[in-house]
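Below is one structure, written out as structure tokens; comments come after it.
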Amino acid sequence: MHIIRSLRRAPVWALLLLFLSPSTALAARSFGISPAVLGTVVDSAGAPLANAHVIVAEVARSTTTNAQGEFVLRGLPAGEYHLSVTLIGYAPGHRVVRVLADGEDVRVRIAMIPTPLRLSSVIVSASPTGTETDRLTQAAVELSGRALSRSLGSTIASTLVQEPGVSQRFNGPAATMPVIRGLTGDRILVLQDGDRSGDLASSAGDHTVSVDPLAAQRVEVVRGPASLLYGNNALGGVVNVVSNDIPTSVPTHLEGRIGSQSETVTPGGAVSAGITTALGTRGALSARAGWRDMGSLRTGGAASLSGTDARTINGSLGYGYVGERANAGLAIKAYDFNYGIPSAPGDPEAGIRIDGRRTMVSARSGIQLPRASLPYVRIETTAQDYSHDEVESDGAIGTNFQLRTQTLNGQATTAFGHFKGAVGVQGLFKQYAAIGEEALTPAANSSGIGAFVFQELPLHLKADGRDDADHEGEAQLQFGARWDNYSIVSRTGDPKFGPGRTTDFSNVSGSLGINVPIASVFTVSGSVARAFRAPTVEELYSNAFHAAAGTYDVGNAALEAETSSGAEAIVRARSSRVTAQVSVYVNRVANYVTPDIVGDTLVDGDLVPLNRFTQDDAQLTGVEGMIETRLGASIVATAMGDLVRGEFTSGGVLPFMPPARVGAGLRWERGRFSASADARHAFAQDRVTGGSVDVATDAYTLLNLSVGAQWVVGNVLHELTLRGDNLGDVRYFDSASRIKSFAANPGRNISLVYQVQF
């Protein structure tokens, strides 16, 4: 019913694309037959490896190997591709292949080497052309396999919280949001399979990200501005949860994943299962379903946050067509949730629950063109319907929130001489309404149009002027530009919000980066970027008590768009014994929007802080890094650290900045078994704005242990991970938390994760 309602309200172009994408792909077959890539993945002794994940980042395609280690990729446009292969316990495999328009099938054999080091492969969400992590000019990381199992939490934010430069905006165990380099909310973009998660997590601290981490095959994190690709909402970074709900290749066997998880810190459990099967020689069908049930959070010191239990149900059904010259796909996704909000002792708002749902229809199509300079065009569109009720302790609905989102993206790869890149256009449309006496803002519609161009150029060429097939060991120059127009139109309704108004923002973004390999181990990257963010409806038009923040919020319709000018330098090392990444960055944000507590005001007879949104120029400066070193054949030593300082140029600090952190650990991996121990220390954070909300926090140290095992029965890979977090049951408060004045973070936790892949 929710999907049908979303389709009825979607723009005509979105509906047409949803139904015409498959027919476009079928019509493209008239261009001829494209050669296939036929591959085999083996270990160092030549034995075939089943269940290896093969990724073609340039066109966002993937598949897995069968029992004989074989895979097939059909319908790739003519051009050069970086095949990346991942498998638990092995270093990522890599091979560059060139597909000719009317050539022979390409055959490739990829050998994988066992290693206990954690090595990322590709980051699809960091570049419109897709590339390996070592070739990026931005700091990025990918979590998959054992690394993902060791970190898996009940939310996306808690799963990533141990990564350098990443923390979480904590509002109980369900309502969390990633914080990247001190920025969160509307400045961070969360994607699922490259599509925006059309929820309200970015608008308020008590709203959740409607994506379950147990559905992830891998998670990508891009740290730093990504406005070039995504426009308005990526000032601080991007998180992409890859679940492959739309099949992009026809599998050679029945593919499937089953995962389960339980945690003592939120007593309960979760399960997720998905399969992908071939439908003939050109089609594939995927289905996924998941369920999670969590009890109230247990904090350190044997305390608890009562009423913070949560339940979610999610699922998807997808179809993919893979032709010789074109591909298309369609998926329907649903996410249903219900969770409680933490409340301070004596809080009259105690007992509030969030009950909501998100449904989504997404369609994608790609077509190979008979032009060498413009070989491939991809069109993607989504229509989403999100709503949630804020249910009071007596069962009454205080406020109903509704958000409908539609997107339309078109992208074409380009090849002009030595230049390789992409051009694209994007549309983002939102219809938002809050209904009820406690509505924070008026209803409003938002629309954004953007266009970008991105190019890569190898800087070292052969004497005859030709470039190498894979540019191995060569410096790369990357540059791009983007134009955006974003408009917010509030609607006339409740008199407290005044008459409807229209606010427009236009901006030009850009980036320039260089990646320089040094010898065979080190890579040095540097980049400068300009990005922007338009103020939100809440920042512009609020005029009500905001229960999630405990303040009476008053918007400012005169706010200007934030513009960020930043620079970053990265040093990476990668060898058989060491992997490391260290980043230093500075990010100057003009017109940074911030809450400003200007006093108190009466709300229903109680004094609450009065917040008026204002803006000032700000600067965020930081350093972050991680290193892994093999101490022997099976033992790895790890170290990490991060620090970010946020200040207004006129004086004063940015609120809710995460603390500086350091950590160290040891990990043992030998064949089927693994074990690890690490300690993380967060320093005291007294650089706060003060008052009753952004309070100072003390230092704390957390000890974590894990053991794991994996085994193969037939062609089925089993993986079991037992993890202990915060084993000292430390009672601590995270400075990035919006409820740190009264709610502690999770206490001792024993987590069990069991996953099956076939």
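Rounded to the nearest 20 debye, the dipole magnitude of the chain is 1900 debye, with +1 charges on Lys and Arg beta carbons, -1 on Asp and Glu beta carbons, and the Cα centre as origin. The protection proxy used here, the mean number of other Cβ atoms lying within 10 Å of each residue, ranks peptides 228-239, 272-283, 560-571 as follows, highest first: 228-239, 560-571, 272-283.
So what's the range 558-668 giving for Cα Rg divided by 2.2 N^0.38 Å, two decimals?
Numbers: Rg = 20.8 Å, N = 111, 2.2 N^0.38 = 13.2 Å.
Compared with the compact-globule rule of thumb, the range 558-668 sits at 1.58.
Please report the net charge: other residues with Cβ closer than 12 Å to the Cβ of ALA101, K and R +1, D and E -1. Please list the in-between numbers first.
Working: positive: ARG98, ARG325, ARG371; negative: ASP102, GLU104, GLU324.
Its environment carries a net charge of 0.
For the range 382-458, the Cα gyration tensor yields ellipsoid semi-axes of 43, 11, 9 Å (square root of five times each eigenvalue, largest first, whole Å). Between helix 12-27 and the chain, what is the angle of the helix's C-alpha long axis to the longest principal axis, kept within 0 to 90° and rounded to the nearest 10? So the inclination is approximately 10 degrees.
Rounded to the nearest 500, the helix-only mean residue ellipticity at 222 nm of the chain stands at -1500 deg cm²/dmol, with each DSSP H run of n ≥ 4 adding -39,500 (n - 2.57). Sorting the segments 582-591, 664-673 by their residues' average number of neighbouring beta-carbon atoms within 10 angstrom, most packed first, yields 582-591, 664-673. Here the simple spin-label model places points 7 Å from the Cα toward Cβ, and for LEU666 and SER260 these points are separated by 3.3 nm.
Write down Rg/Rh for the range 684-758, rounded to two decimals, with Rg from the C-alpha atoms and Rh from the Kirkwood relation over Cα pairs. Working shown, then result.
Numbers: Rg = 18.6 Å, Rh = 15.1 Å.
My calculation of the ratio gives 1.24.
Taking only the Cα atoms of the chain, the ratio Rg/Rh comes out at 0.94, with Rh defined as the Kirkwood radius. Distance from the C-alpha centroid of the range 390-424 to that of the range 527-557: 19 Å, rounded to the whole angstrom. For the range 686-758, applying the loop criterion from DSSP together with a ceiling of 12 other beta carbons within 10 Å to the trypsin sites (Lys or Arg not before Pro) yields no site.
Which whole-angstrom value gives the distance between the alpha carbon centres of the range 108-179 and the range 702-743? If you average the Cα positions of each part, the centres end up 16 Å apart. Taking Cβ atoms as reference points and 12 Å as the exclusive limit, the residues near ASN232 contribute a net charge of +2, counting Lys and Arg as +1 and Asp and Glu as -1.
In this rough spin-label picture, where each label sits 7 Å from Cα along the Cβ direction, the ASP600-LEU38 distance is 7.9 nm.
Taking the average, over residues, of other Cβ atoms within 10 Å as the packing measure, peptides 527-538, 38-49 rank 527-538, 38-49 from highest down.
All of the numbers you see were taken from the coordinates with simple rules; none came from a lab. Because the structure is predicted, anything quoted here is derived from the model rather than measured. Using ideal geometry, Cβ is built from the backbone for each residue, glycine included, and neighbour counts are taken over all protein chains shown.
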